[in-house]
Amino acid sequence: MDTAASSFVLALLGLDGVGRVTAHRLLERFPTLDALRACPREQVLLRLKGLPHAERTVTLLFDEAAFAPHLDRARAAVEEMAARRIAVVVPGHAHWPAALDALAPADRPAALYAFGDTAVLAARPVALFGRAPLPADAYEAAQGLAERLLAERLPLACGAAPGFDVALHKRYAAAGLPCVMVARAGLARVDPPARPGVAAAVKAGGVLVSPFPPTHGPFDHDDRERALVQAALAGPAAFFAPAAGSPEAKALAWALEAGRPVFGVEGDPAADAGLLHLSTRVHRLARPVDLDWVVAAARAERG
């Protein structure tokens, strides 16, 4: 793990007035503090043109004595997490998933906190989205797709919540296949009922990731970000009865706009007024041949 790069990113995010948009503007050109300070201050400031607190941020970054405490705290945090087997994966890391770059800067994490095999992040898995209780047809379609993915030995991306996600964790762990699990809170705040399944999936070669620091949350509003990260990490995505306004519906809308292969089963149309009509913009999972289509799309994404 590149401790220097991870420490720089965490120190940057810890500065007052520095959010993801500012961080990404800098990291796209300067992945390390040394790279940043090797450039004229004016060039660095130009990268932040139009953003608030730009002058103050650049002044602090070039002031070695003033920035040192921020860097020291970040370095200590990275080392503490490493002792707990949590990797801080940042842009430039060997396993940073470039697929996240499709997200808007405000929605794109500048760091992922990961427990498990980070190499799985580059697998372009198939993402499955569902939330219990599912209607019978959606439940059957989800189970059928999960079985087919297992039979084809294709990687999976799912959440880390009890219910729908835990059932997927168990199936993949039992088969000894890796999956990417995206938490809606920090890694230390994963829902207790989901923890045994998550641990088994990690032991089977999977990875649990979060865009939030380990002790963050859980907060309901963060589930939208979890869903977006899950969709961005994947190639194809399958949605089972997403409710209007839900994190799953927002991830569905993003995946469609991003041109990702999207498959789905609608819920109750009367209850989901305003939701995108899956029958017109999303391929429906209704017959065995549709599962062939998902598998073909997954293999195409993996090259």
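What number comes out for the charge environment of A74, summing +1 per Lys or Arg and -1 per Asp or Glu over other residues with Cβ under 14 Å away?
Values: positive: R73, R75; negative: D2, D72, E79, E80.
After counting each charged neighbour, the total is -2.
Angle of helix 223-233 to the longest C-alpha principal axis of the chain, folded into 0 to 90 degrees and rounded to 10: 90°. For q values of 0.14, 0.26, 0.28 Å⁻¹, compute log₁₀ I(q)/I(0) with the Debye formula on a Cα-only model of the range 113-168, without solvent. Ignoring solvent entirely, the Cα scatterers give -0.42, -1.16, -1.25.
Taking the range 108-190, which GluC sites (Glu not before Pro) meet the DSSP loop condition and have no more than 12 other C-beta atoms within 10 Å? Let's see the in-between values first.
Working: sites: E140, E147, E152; in loops: E152.
Answer in residue order: no site qualifies.
State, as an integer percentage, the relative contact order of the chain based on alpha-carbon contacts under 8 Å between residues 6 or more apart.
16 percent.
Over the chain, DSSP H runs of length four or greater, each weighted -39,500 (n - 2.57), average out per residue to a 222 nm ellipticity of -13500 deg cm²/dmol.
With +1 assigned to the C-beta of every Lys and Arg and -1 to the C-beta of every Asp and Glu, and no other charges, what is the dipole magnitude of the chain about the Cα centre in debye, to the nearest 20? Let's see the in-between values first.
Values: 32 positive and 32 negative charges, 76 e Å.
For this selection, approximately 360 debye.
Percent of Cα-Cα pairs more than 20 Å apart in the range 50-153, please. In whole percent, the share of Cα-Cα pairs in the range 50-153 beyond 20 Å is 64. The stretch between A300 and E28 holds 95.1 nm of extra length on full extension. This uses 0.36 nm per residue minus the Cα-Cα distance. Computed from phi, the 3J(HN,Hα) profile of the range 205-218 under the Karplus parametrisation 6.51, -1.76, 1.60 (θ = phi - 60°) reads x, x, 9, 9, 10, 8, x, 10, x, x, 9, 7, x, x Hz, with x in place of Gly and Pro.
Each residue, R195 and A151, gets one label point 7 Å from its Cα in the Cβ direction; the gap between the two is 3.7 nm.
Once amide H atoms are placed 1.01 Å from N in the peptide plane, what residues at a sequence separation of 5 or more from G159, or on another chain, have their amide H within under 5 Å of its amide H? Hits under the 5 Å cutoff: V182.
Here the 3J(HN,Hα) profile of the range 140-146, calculated from phi with Karplus coefficients 6.51, -1.76 and 1.60 at θ = phi - 60°, is 5, 5, 5, 5, x, 5, 4 Hz, Gly and Pro shown as x.
Of the chymotrypsin sites (Phe, Trp or Tyr not before Pro) found in the range 199-272, those that fall in a DSSP loop while having at most 13 other beta-carbon atoms within 10 Å are F219.
Rounded to the nearest 10 degrees, the angle from helix 64-83 to the longest Cα principal axis of the chain is 40 degrees. Solvent-accessible area assigned to carbon and sulfur over the chain amounts to 55 percent, based on a 1.4 Å probe. Under a straight-distance cross-link criterion of Cα-Cα below 16 Å, which aspartates and glutamates are reachable from K203, leaving out those fewer than 8 residues away in the same chain? Correct list for K203: D117.
A full extension of the chain between F219 and D137 corresponds to an added length of 26.5 nm, given 0.36 nm per residue minus the alpha carbon distance. The P(r) of the range 1-77 has a tail past 19 Å containing 25 percent of all C-alpha pairs.
Here the Karplus curve 6.51 cos²θ - 1.76 cosθ + 1.60, taken at θ = phi - 60°, turns the phi angles of the range 246-259 into couplings of 7, x, 5, 5, 5, 5, 4, 4, 5, 4, 5, 5, 7, x Hz, with x standing for Gly and Pro.
The values are calculated or read from the model by the stated rules, or taken from the named source; none is laboratory data. Please read these numbers as outputs of a predicted model, since none were measured by experiment. Positions of Cβ are generated from backbone atoms using ideal geometry, with glycine treated the same way; all protein chains shown enter the neighbour counts. Side chains included, ligands, DNA and RNA excluded: accessible areas come from the protein's heavy atoms. Shrake-Rupley method; radii C 1.70, N 1.55, O 1.52, S 1.80 Å.
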